[in-house]
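Written out below as structure tokens is the structure these notes cover.
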Amino acid sequence: MAQAKRPYRGVFPVVPTIFTETGELDLPGQKRCVDFMIDAGSSGLAILANFSEQFSLSDAEREVLTREILQHVAGRVPVIVTTTHYGTQVCAARSRQAQDMGAAMVMVMPPYHGATIRVGEAGIHEFYARLSDAIDIPIMIQDAPVAGTPLSAAFLARMATEIEHVSYFKIETAGAASKLRELIALGGDAIEGPWDGEEAITLLPDLDAGATGAMTGGAYPDGIRRIVDAFAGGRRDEAVAEYTRWLPLINYENRQGGILTAKALMKAGGVIDCDAPRHPFPAMHPAVRAGLLDTARRLDPLVLRWS
């Protein structure tokens, strides 16, 4: 399912941000991480997402990572750059910069700040419309609980039909499959990319509902590809078997290891030297790490032997 042209489909895992033990960017490690993820069968990549610890990066670091990763990928696969920001002008400027550097798409959550500052539907619509006017590449709306902003399927479909570049949707809310199904029914051809998210914990129901892409964790795209490729090839029974096989590891990432899962597996496999988060994000507990590695070793993913 890997393809470099629209409509983008397949497995686009999130690239983790690699730090040194002292909390600096580790660009050589970052590039090894990207090379592994491409070798593991990623259809494309997503950078600077929440699973990339984007919230701990400075604007200057975001620019460095965007430039370095896009130059290193060098067109091998399409790259989605997360450009989320509360401010419309800032988000538009980030998105133009990402486009100019070679991004295939931008992913943007609705504007929010903290636990209480939210924007109504009229403001959200205008936010994405202005963003669309500023760029020429697709916009993926990330519909995730972290934004604390309800986005109905009807509202998302309306934006897809009314705003030129709004055409991809990463659905990570409760009842994702039902929402994807409704979004596709309401939006029709305007919904170019209905995508699964949340580390693929709901991947099979989402594929049944019509999802054509999956944005997952970054450590085992080879495993996720087994599910997605089988389903796309009309081999649903095989997809069910692979989903059943990989679900314990998916569950471990989604419910136990979280943001640090990909880096922990990459360090265990020698892809990177350091899997530390940036302070004050807590390090992975040793017991969680032990359980994660035990679960992964039973599946023999490429990450544990790539190096």
Just the residues that are under 19 Å from LEU207 (Cα atoms), in a loop (DSSP other than H, G, I, E, B) and more than 18 Å from the chain's Cα centre (by Cα), please, taken from the stretch 153-180. GLY175
Taking the stretch 168-201 on its own, how many of its residues are among the hydroxyl-bearing types (Ser, Thr, Tyr), surrounded by fewer than 23 Cβ atoms within 10 Å (Cβ to Cβ) and farther than 17 Å from SER152 by Cβ? 0
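Based on this model, can you work out whether GLY41 counts as closer than 23 Å to ALA264 by Cα, in a helix (DSSP H, G or I) and of a type in the set (Gly, Ala, Ser)?
Numbers: closer than 23 Å to ALA264 by Cα: yes; in a helix (DSSP H, G or I): no; of a type in the set (Gly, Ala, Ser): yes.
Here the answer is no, as GLY41 does not meet what is asked.
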Is there any pair linking a residue in the stretch 219-243 that is buried (at least 20 other Cβ atoms within 10 Å of the Cβ) to one that is modelled with pLDDT under 95 and not aromatic (Phe, Trp, Tyr), with Cβ under 9 Å and at least six apart or on different chains, and which? ARG225/MET1; ARG225/ALA2; VAL228/MET1
Residue satisfying all of: in the stretch 126-143; of a type in the set (Val, Ile, Thr) and within 15 Å of THR84 (Cβ to Cβ); farthest from the chain's Cα centre (by Cα) among these: ILE135
Of all the residues that make up the stretch 117-158, how many are surrounded by 15 or more Cβ atoms within 10 Å (Cβ to Cβ), closer than 16 Å to SER95 by Cβ and not β-branched (Val, Ile, Thr)? 9
Hey, can you tell me all the residues within the stretch 130-162 that are over 19 Å from LEU48 (Cα atoms), aliphatic (A, V, I, L, M) and touching a strand residue (DSSP E or B) at 6+ places or on another chain (Cβ under 8 Å)? LEU151, LEU156, MET159, ALA160
Scanning the stretch 91-126 residue by residue, the ones that are under 18 Å from SER167 (Cα atoms), of a type in the set (Val, Ile, Thr) and assigned to a strand (DSSP E or B) total 2
Return the pair list, or none, for Cβ contacts closer than 8 Å from residues in the stretch 281-307 that are in a helix (DSSP H, G or I) to residues that are acidic (Asp, Glu) and surrounded by 11 or more Cβ atoms within 10 Å (Cβ to Cβ), at least 6 apart or on different chains. LEU292/GLU253; LEU302/ASP39; LEU302/ASP222
Taking into account only those residues within the stretch 258-307 that are touching a Leu at 6+ places or on another chain (Cβ under 8 Å) and among the polar types (S, T, N, Q), which is farthest from ARG32 (Cα to Cα)? THR295
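The values are calculated or read from the model by the stated rules, or taken from the named source; none is laboratory data. Given the structure is predicted, the values throughout are model-derived calculations rather than measurements. A quick note on method: Cβ atoms are made from the backbone with ideal geometry, for glycine too, and the neighbour counts reach across all protein chains shown.
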